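A short worksheet on the structure shown next.
The values are calculated or read from the model by the stated rules, or taken from the named source; none is laboratory data. Values in this document were obtained by computation on a predicted structure and should not be read as measured data. Neighbour counts are summed over all protein chains in view; Cβ atoms, including those assigned to glycine, are modelled from backbone coordinates with ideal geometry.
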Amino acid sequence: MKPRMVEPLSIDMSTEEGEAVLTVNGRITIDSSPVLRDRLLAILRQESLPTLAIDLSAVPYIDGSGLATLVEALKFARAANTGLRLRLQERPLYLFQVTGLLQLFDLSGDGTTGAVSQGDT
């Protein structure tokens, strides 16, 4: 049996219009979600940010471990008084909807971006 090839997850930090943006590219799976988790928690622990946007628009697939990572990031963001905004494309957005996790995230007008601010439930 051949070992599984794990596609690398690309994670880049930038600033757009004064907002910190973490851009993720690739599939978020049980194999790659620990890398995303470590990066997210390091950012939320070390930096005092009013808002962190997680751009998942180049993520074609998220599994349960990826969802758990994002919910954990939400918990840490709230503890750090940091707003957390998700930018989602259609497939991951659908997964958030069918799992019921989307209700944790407020949607903006275009329906493709969820945002959570401190104090929201």
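Which of the residues belonging to the stretch 58-85 are over 10 Å from Thr29 (Cα atoms), over 12 Å from the mean Cα position of the chain (by Cα) and assigned to a loop (DSSP other than H, G, I, E, B)?
Pro60, Ala80, Asn81, Thr82
Name every residue in the stretch 44-80 that is within 18 Å of Glu17 (Cβ to Cβ) and among the aliphatic types (A, V, I, L, M), in order of residue number. Reasoning before the result, please.
So in the stretch 44-80, the residues within 18 Å of Glu17 (Cβ to Cβ) come out as 47, 49-55, 57.
Residues satisfying the conditions are Leu49, Leu52, Ala53, Ile54.
The rows are residues; the columns are (1) acidic (Asp, Glu); (2) surrounded by 12 or more Cβ atoms within 10 Å (Cβ to Cβ); (3) touching a strand residue (DSSP E or B) at 6+ places or on another chain (Cβ under 9 Å); (4) at pLDDT 90 or above.
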| site | (1), (2), (3), (4) |
| --- | --- |
| Ser48 | no, no, no, no |
| Val59 | no, yes, yes, yes |
| Leu74 | no, yes, yes, yes |
| Leu102 | no, yes, yes, no |
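What are the residues in the stretch 16-40 that are modelled with pLDDT of 90 or more, exposed (fewer than 15 other Cβ atoms within 10 Å of the Cβ) and over 22 Å from Gln97 (Cα atoms), if any?
Listed by number, the residues that qualify are Pro34, Asp38.
Out of all the residues in the stretch 81-100, which are crowded, with 16+ Cβ neighbours inside 10 Å, of a type outside the set (A, V, I, L, M, F, W, C) and either modelled with pLDDT of 85 or more or closer than 16 Å to Val21 by Cα (or both)?
Residues satisfying the conditions are Thr82, Gly83, Arg85, Arg87.
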